[in-house]
Amino acid sequence: MLDRYVSKTSKSKQMHKKAKRVLPSGVSYFLRYFDPYPFYAATAKGSKIVDVDGNDYIDFWLGHYALILGHSPPEIVNAVRQQIENGTHYGTCHELEIILAEQVVKMIPSAEMIRFTNSGTEAAMYATRLARTYTNREKIVKLEGGWHGGYDALHIAVSPPLDVPQSNGIMTGAQEDTIVIPFNDLEEVRKKLKKDNIAAIIVEPVLGAGGGIPADKEFLKGLRELCSEKGALLIFDEIITGFRLAPGGAQQYYGILPDITVLGKIMGGGFPIGVIASRREIMEHMDPLLYERPEFSFHGGTFCGNPVSLTAGLTTLKLLEDGHLLNQLNRQGDKIRQQLYDIFEKGNIDVYITGVSSIFQTHFTREEVRDVRSAFQADRTKLTDYHMYLIANGVFFLPTKIGVLSRAHTKEDLNKILLETENYVKKSQANL
Ligand SMILES: Cc1ncc(COP(=O)(O)O)c(C=O)c1O
């Protein structure tokens, strides 16, 4: 199957060779690399991405799950085109900041005020700082398998081996002040945090990089109670779940309110963005007119509130606000998880399908997958093999990563993934 991929992607192969001379591993983000080399995109529209060799792929990766309306949807293209004529980057205050902030406050149940950043990483970083400021405490608690971007304090215990730093250069202090707790195991969490005076717990309501694994409602409820008991803040990283599980994100879906929410991806309508959202009394610590140093919590950056991102974001949120599309995608998600499971089961291949809403992931294992440890105990070589088979046959998942649905996916697109999965199962059986 790699042969088939290689035979179809000679221009990508050449490009990757060239890219390696000027970009480490030939890519802008190692996450995007896969063996033997990634294809290079030429264009993308709707549910499809076309590579430089002219192959098209039905895209379930969708720009790191940012594109809930698919690639270049007409509403976004029109809004952005108009905005670009009126200015690409003011670097001053402008009305769209207020309009989009009001829209987020309207949609996200726990939000009273927000601030814009340029990425999810930045939003998580400033949210962490804000929590430390507000509580006057240092220690941050994160979950095993939780991915919040590359900020030192949070770039810990994302993937096994969980006790080996994810990168060199992470400050020792950050490692010491971050406490890692297991996902979906409240009893262990309570034991582990018994003595600590913590500033915040940051959690993805659905582990993304950790395997597309939803938290149990009781687990999130337990974290909420624990934070309230300890005077700590609960931070929901809703960078994947925000505007996907429900118009008000996972907090609406689960009915559990965090103190701080971080958002990104879908929120930017295909352009860079991040958001920190919280109650007024917490957010106001970012206002140096109210809180002088050392009580002030800084946030900012050149492109914060960029009007192109904000226009695209506002257009997207307006389309998601009534919940109609999200309900439809959620139903399709339930269906595709069941259909994929049935195909593998019929072929006598052990799988555990995780996900919720329009998020889905296949794990080759007969065990239940409830956390990053069980997700990584599944057969990941087989998962890569499956995803590479799909890629070679025109269906794109970033190998080993979760897939998501979008408004742009047609019935034919969804049938294609089922058909290619059936073919993969047949091929696996023939190889036995
Ligand atoms: C849950 C979650 N948090 C944070 C981030 C980091 O966001 P960004 O890549 O925009 O910096 C991501 C990105 O994948 C994410 O999935």
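Residues that are more than 24 Å from A209 (Cα to Cα) and free of Cβ contacts under 8 Å to residues at least 40 places away in the same chain do occur in segment 330-342, at least one of them. Pairing residues of segment 210-224 that are over 19 Å from S357 (Cβ atoms) with residues that are part of a strand (DSSP E or B), at Cβ distances under 7 Å and at least 6 apart in sequence or on separate chains, gives L223/I201; L223/V203; L223/L234; R224/L234.
Look at (1) surrounded by 17 or more Cβ atoms within 10 Å (Cβ to Cβ); (2) over 19 Å from V206 (Cβ atoms); (3) out of contact with any strand residue (DSSP E or B) (no Cβ under 6 Å at 6 or more places or on another chain) and you find that V395 fails only one, number (3). Residues in segment 299-327 that are under 22 Å from R244 (Cα atoms) and without any contact (Cβ under 8 Å) to a residue 40 or more places away in the chain were compared, and the one that is farthest from the chain's Cα centre (by Cα) is H324.
Considering segment 251-281, and only residues there that are closer than 13 Å to P205 by Cβ and not hydrophobic (A, V, I, L, M, F, W, C), the residue that is nearest to the ligand (Cβ to nearest atom) turns out to be T261.
Select from segment 137-154 the residues that are closer than 25 Å to L186 by Cα and surrounded by fewer than 23 Cβ atoms within 10 Å (Cβ to Cβ) and write down the one among them that is nearest to the ligand (Cβ to nearest atom). Before you say what the answer is, go through the steps one by one.
Filtering segment 137-154 down to residues closer than 25 Å to L186 by Cα leaves 137-149, 153-154.
Next, from what is left, pick out any that are surrounded by fewer than 23 Cβ atoms within 10 Å (Cβ to Cβ): 137-139, 144, 149.
On the way: R137: 22, E138: 21, K139: 20, E144: 14, G149: 3 Å.
Selected residue: G149.
Only one of the numbered conditions (1) of a type outside the set (S, T, N, Q); (2) farther than 22 Å from H71 by Cα; (3) more than 18 Å from the chain's Cα centre (by Cα); (4) modelled with pLDDT of 95 or more is not met by A430, and that is (4). Got a number for residues in segment 260-291 being crowded, with 24+ Cβ neighbours inside 10 Å and in a loop (DSSP other than H, G, I, E, B)? The qualifying residues number 3.
Is one or more of the residues making up segment 233-250 among the basic types (K, R) and within 12 Å of the ligand (Cβ to nearest atom)?
Checked against the condition, which is being among the basic types (K, R) and within 12 Å of the ligand (Cβ to nearest atom), segment 233-250 yields at least one hit.
You will find that of K217, K195, K191, the residue that is of a type in the set (D, E, K, R), within 22 Å of the chain's Cα centre (by Cα) and either more than 16 Å from the ligand (Cβ to nearest atom) or at pLDDT 95 or above (or both) is K217 and no other.
The values are calculated or read from the model by the stated rules, or taken from the named source; none is laboratory data. In this text the structure is predicted, and so the values were computed from the model without any measurement. We place every Cβ from the backbone using ideal geometry, glycine too, and count neighbours over all the protein chains shown.
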